[in-house]
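Novice: I have a structure I would like to understand better, so I am pasting it below and will then ask my questions one at a time.
Computed from the coordinates by the stated procedures, all read-outs in this text should not be read as laboratory data. Bear in mind the structure is a predicted one, so any value in this text is a computation, not a measurement. No Cβ is skipped: glycine too gets one built from the backbone with ideal geometry, and neighbour counts run over all protein chains shown.
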Amino acid sequence: GQYHPLGKIDEDVKKWIESVGIDITQQKSHDSAGINEDWPNGRGIFVDDNRAFAILVNFEDHIQVFTVSEDGDLFKNLKSLIKILSKFEKIGYARHTSLGFLTASPRNLGTTLNFTCRLKLETKHESDDLESYEGTYSCKINTID
């Protein structure tokens, strides 16, 4: 794969990043925490040669890992994510005994893990009540046009 500094990402890579829903824009909500200082220096994205995964570096947190597939195989993506994160675990993370892992956002205190799954559903049957899954599976469903 290749690391792309934020200020020097070529158009092809930018289009791919946008197409898979990875947000590399500066967030106003990060101003008060000082996360946007020296923007865009020290930030970038590592993209796997096969575009099966990408790693944001020094955005809201030190790293954010994304796995991407067109086949919808969630189990394969989860296995890929575990493999990537296990390599980072060998390096180690800063951890507080009562607050958990070091993070810039209070909403990520504890494990700092946040799983998001984006699915493209070609059609929706009128009897499908996707919102009913939110309570059953403790998830949030958003419609993306």
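Novice: With label points built 7 Å along Cα→Cβ from the Cα atoms of A94 and D12, find their separation and express it in nm.
Specialist: Each label point lies 7 Å from its Cα, and together they span 3.7 nm.
Novice: Let me ask you something else. Considering the chain as a Gaussian network with a 10 Å cut-off on Cα pairs, which listed residue, G135, G42, G72, attains the greatest mean-square fluctuation?
Specialist: Comparing G135, G42, G72 in the GNM, the peak value goes to G135.
Novice: Order these by the 10 Å Cβ neighbour count, fewest first: F75, F53, F46. Numbers along the way, then the final one.
Specialist: Working: F75 7, F53 19, F46 15.
Neighbour counts put them in this order, fewest first: F75, F46, F53.
Novice: Let me ask another. Excluding the sites themselves, what is the longest stretch of the chain that contains no GluC sites (Glu not before Pro) in a DSSP loop with at most 10 other C-beta atoms within 10 Å? Display every interim value, and only then the final one.
Specialist: On the way: sites that count: E37, E70, E122, E126, E131.
After excluding every exposed loop site, the longest remaining stretch is 71-121.
Novice: Moving to a separate point now. Once every DSSP H run of n ≥ 4 in the chain is given -39500 (n - 2.57) and the sum is divided by its residues, what mean residue ellipticity at 222 nm do you get, rounded to the nearest 500 deg cm²/dmol?
Specialist: Numbers: 3 runs with 31 residues, N = 145.
Helix contribution divided over all residues of the chain: -6500 deg cm²/dmol.
Novice: Residue separation times 0.36 nm, minus the C-alpha to C-alpha distance between S138 and S86: what's the value? Working shown, then result.
Specialist: Numbers: separation 52, 0.36 × 52 = 18.72 nm, distance 2.58 nm.
Net length gain for the segment: 16.1 nm.
Novice: Against the longest principal axis of the chain, how steep is helix 74-89, in degrees 0 to 90 to the nearest 10, with axes from Cα atoms?
Specialist: 10
Novice: OK, next. The list [x] 20.4; [y] 15.3; [z] 17.4 gives values of Kirkwood radius over Cα pairs in Å, and only one came from this structure; which label was calculated from it?
Specialist: Computed from the coordinates, Kirkwood radius over Cα pairs in Å corresponds to [z].
Novice: Which of H96, H4, H30 has the fewest other C-beta atoms within 10 Å, and how do the rest follow up to the most?
Specialist: Working: H96 10, H4 19, H30 16.
Sorted ascending by nearby Cβ count, the order is H96, H30, H4.
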